[in-house]
Each structure stands twice: as C-alpha cells, then as structure tokens.
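Data first, discussion second: the structure below is written as structure tokens.
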Amino acid sequence: MRAIADPTNALGRGLAAIRQQFKIPDGYPPDVLEAAERAAARVPTEHVDRTEIPFVTLDPASSTDLDQAFWIEASGTDLLLRYAIADVAWFVEGGGPIDAEAWRRGTTYYLPDGKAGLYPPALSEGAASLLPDGPRPAIIFSVRVDPDGSVKLDGAERALVRSRAKLAYDRVKEDELPPGFHELSSRIEAAEARRGAARVDPPEQEVVAKGDSKYRLLFRPMAPAEQRNAALSLATNLAIADALLAHHTGLFRVMGEPDRRSIKRLRHSAQALGVEWPKNLPLEQLERLLDPLDPKQASFMLAIRRAGAPAGYMPYKTGVVPWHSAMAATYVHATAPLRRLADRYVVEAALAIANGKPVPETAIAAFAKLPEVMDRADVRSGQIERAAIDLAETVVLHGQEGKTFDAVVTDIDERGARIQLCKLPVIARVATSGSATGDEIEVRLVSADIDRRELRFELA
C-alpha cells in the first residue's frame, strides 16, 4: 500500500484530463434523466411474489448498484442456487432514450474519483438495484449444482424479491451467509480444477480516493468471500451458456489460448519477480499455486492477466462451439446487467428459453450488433483503467529521477526492450542493444512525466 504525495493536485488534474481525452460522459442528457424517473416509478405487473425467499447481496461495502442477490437450498445431494438478477429490461424501453444512451456507452466506466454509469442513478442505484430497502423486480435463475460441480439451469422467472441484507466482502460474517455457500463455491472451484480452467484473480491495482484530493495506490487482493461469491456468478453464467447453446442462440464470451510468445514472456516475468516456475509445470497448474497476498506473486498474476489473449463477444454460429480458454468452458456474461449492456439481452433470451418461449426478436437482433459495441466499450474501459494506473505510477515515481532499478527484459521488438522492474509491478520500455529476453539489467529513471503519464528509463 502506498500513499501518493500529490501536493500540487497533479493526480486530480490528470484524472480530469483522462475524462476529457476519452470523452467520459459527465452526467446524462435531460431526456434520459426524465425517462429514468418515469421508469423508476413503473409498477411490476408480470412478477410472481418471491419475497419470502431470504435473499442477500454480497458486494464491496460502498457499492449501491447491486446486480445480484442469492439464496441456496439443499435438494437431495444437489444444491439449488437461487440467483436473482436485476430486471433491467423491465425498466428500459427498447428504442427509448435510456436504451439509446446505454448503447452509446456499452458499459459503466470507473475512475478513482467517480464513475460514469451505464444507466442513470434513479435506476442503477435506485429502483432496479437489489438494495435491502423494499421489494425489487428481478429475474430469478434456479441453478442446480451437483456434487461434482456440474451446473444446469433449472428454471427462471420474473419475480419480486426482497434482500434481507447488504453484505460486504471485507466484513461479512459466517452466520450472515446462506447455508451451503461455502460448499457450493467449493464444488464450482473443484469443477474448474478438473476442467483445467485458468481463471486468474490477481489483486486489483487500484487508485483509491482518500478525500481532500489525496489518493492511495494499492493492491487489493480478492477477499475469500469475494472469491466464493464469484463462483456463484460463474455457476449461473455457465448454466445460462449451456441453455443458450443447446437452443442455438445467444451471445457468448470467448477467449483464445495464450500463444507461445506470451508464455515465453511470462517466464521472463517470473524470473524478474523471483517467482519459481519449474520448467515442466504448465501455466494453468502454476496459476493455482500463486498466492495473491505475496507481492511478487501478485505482480506475476497481473502479468498473466496482461499476457492473455483478449476476450471478446460472439453470437451463436451454426457448427461453432464458443469457447473461453480461461474458463475452459462455454461461457456468457449475464449477471451484471446494471453495468454491462450485453447482459440485459442474454438474460432476456435465457428467461424465454427457460419458459419454453421464443427468444425475443429484439434480443436476436441485438446479439448481432453487440460484439462491436461491447468490444469497443471493453477497449475504452481498459484504456481508461490503464491511463489512471499510468498516471498514479508517474506521480509515485516523480522526484526519483536518476534512481536506478533492477529489471529483467521480458520481450524485444522493433520498439526496443520491454522490461519489468524487479521490485515494483511496473512494465516499461528501454532502448538497448545486445540484450536478450531474460537478461537481468539495471536501468535509471530518466523522467516521470505526469502530464503525459509516461515513464522513461535508460540503461544504467
């Protein structure tokens, strides 16, 4: 954890510049806000009453845009996961102002000093959010999880739900969670291991506001409760993916395998960070051994995340099995409709299939157009996140010009050598001749340009 000394408010100015550079929306057009207020007052009329189920939510303590609530029941040797997802489609009129604005944004954009939400707060943090202050309309997916962790969609319905508690990752107590929570997540994780899934959950490198224009640059490892909660979302997404694939429709999340060059680069990163990687140990096995609380291993987990083939979206295609290499399965995004545009249509399609109805034409048409919209939003979101981290790193290293750092060359291309600092999770470039990948070198920080968010090194 590092406090960022920023007496001249360089970080604050830099974040404002990032918002301008990437044209991050500041608020919503008046017609969108007016439509959101009207939609928030809409009374659910197609929802069965399921307020007797004691749903809970589990999120970061500060979150108010709550997409999911859950409950778990025993069903013989199976566990039945009741997973309630915010019924965004109930509030958003297709082709209306809210819908049009959501298609322009694609996703929610996050910065250390605030976010630009996919939907206005009247919906995303009010009427559509599964907050524990009253009944909310939702789609309840019933997911059957057998003892070996296999999942199956058992049903779906529009329902009114009432969350009993807004639980937080970092302070939740065991007796506040539904019975079977740990067992269900353990089954899902065991099934992942058998599939050879390579899902990596490194600590998130974050710039966090402290107030009074002060920030911290830190690694936030996933709390145990957060990891187990992710398994519930994964189970739901896998079950929905299988149902959509069986009915020859849907929008799938796909990801290719890392190539040989990426694996070679990762081996050099492991060397730089002092992470032991036996020569004959496959990457997916090493990933399961990494400890996110160890700073060196946490940095390597981030390197793995960066080295992976980019994920994307693909509509159903006859004869093609959509595949996500990190999940080692067919996979969809369905559980965050308040934050991702595509999830709303995946949920609509799954709801129809579970009830023996045809998939809405609006969803089918959306599946064809969404890959371009979502890929563009993903790229933009990644650029914004990377720009904020680059900014924070230059603020942290500003004033240390002339200092030398140990580094390892992880890759060489036409632009020179890509290096990774040995004691900091910083990747940069340096002009060098005669160096080879894997070489240990010493570099000197020439400049830390806060305005351009650039670090420049030279061989020491």
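The values are calculated or read from the model by the stated rules, or taken from the named source; none is laboratory data. What you are looking at is a predicted structure, and each value in this text was computed from that prediction instead of being measured. Counting neighbours? That spans all protein chains shown, and the Cβs are built from the backbone with ideal geometry, glycine included. Areas reflect the complete protein model, heavy atoms only, side chains present, ligands, DNA and RNA absent. Shrake-Rupley method; radii C 1.70, N 1.55, O 1.52, S 1.80 Å.
Might you report the magnitude of the Cβ-based charge dipole of the chain about its Cα centre, with Lys and Arg at +1 and Asp and Glu at -1, to the nearest 20 debye?
Here the size comes out at about 740 debye.
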Exercise. Taking the mean number of other Cβ atoms within 10 Å as a proxy for protection, how do you rank 30-43, 379-392, 233-246, 334-347 from highest to lowest?
Worked result: 334-347, 233-246, 379-392, 30-43
Seminar exercise, completed: Labelled set [x] 42, 34, 19; [y] 34, 25, 21; [z] 39, 26, 21; semi-axes √(5λ) of the Cα gyration tensor in Å computed from this model equals the value at [z]
For this session: For each pair in Lys23/Lys166; Lys152/Lys357; Lys152/Lys369, compute the distance between the two Cα atoms and list the pairs where it is over 30 Å.
Result: Lys23/Lys166
Exercise. Which residues' amide hydrogens lie under 5 Å from the amide hydrogen of Thr432, considering only partners 5 or more residues apart or on another chain, with H built in the peptide plane?
Worked result: Ala417
Seminar exercise, completed: The answer for region 349-390, accessible area per residue at 1.4 Å probe in Å², is 50 Å²
Seminar exercise, completed: Once amide hydrogens are built 1.01 Å from N within the peptide plane, the residues lying 5 or more places from Leu111 or on another chain with amide H under 5 Å from its amide H are Ala116
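Could you check what % of the DSSP bridge pairs in the chain are antiparallel, to the nearest 5?
Within the chain, antiparallel bridges account for around 90 percent of the total.
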Exercise. How far, in degrees from 0 to 90, does helix 295-307 lean away from the longest principal axis of the Cα atoms of the chain, to the nearest 10?
Worked result: 70 degrees
Exercise. Can you list the lysines whose alpha carbon is less than 24 Å from that of Lys279, not counting same-chain residues fewer than 8 positions off?
Worked result: Lys264, Lys296, Lys423
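So, by mean Cβ neighbours within 10 angstrom, what's the order for 167-178, 362-373, 74-85, 318-329 with the highest one leading?
The peptides rank, most packed first, as 74-85, 362-373, 318-329, 167-178.
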Problem set entry | Surface accessible to a 1.4 Å probe, per residue, for the residues of region 54-201, Å² | 37 Å²
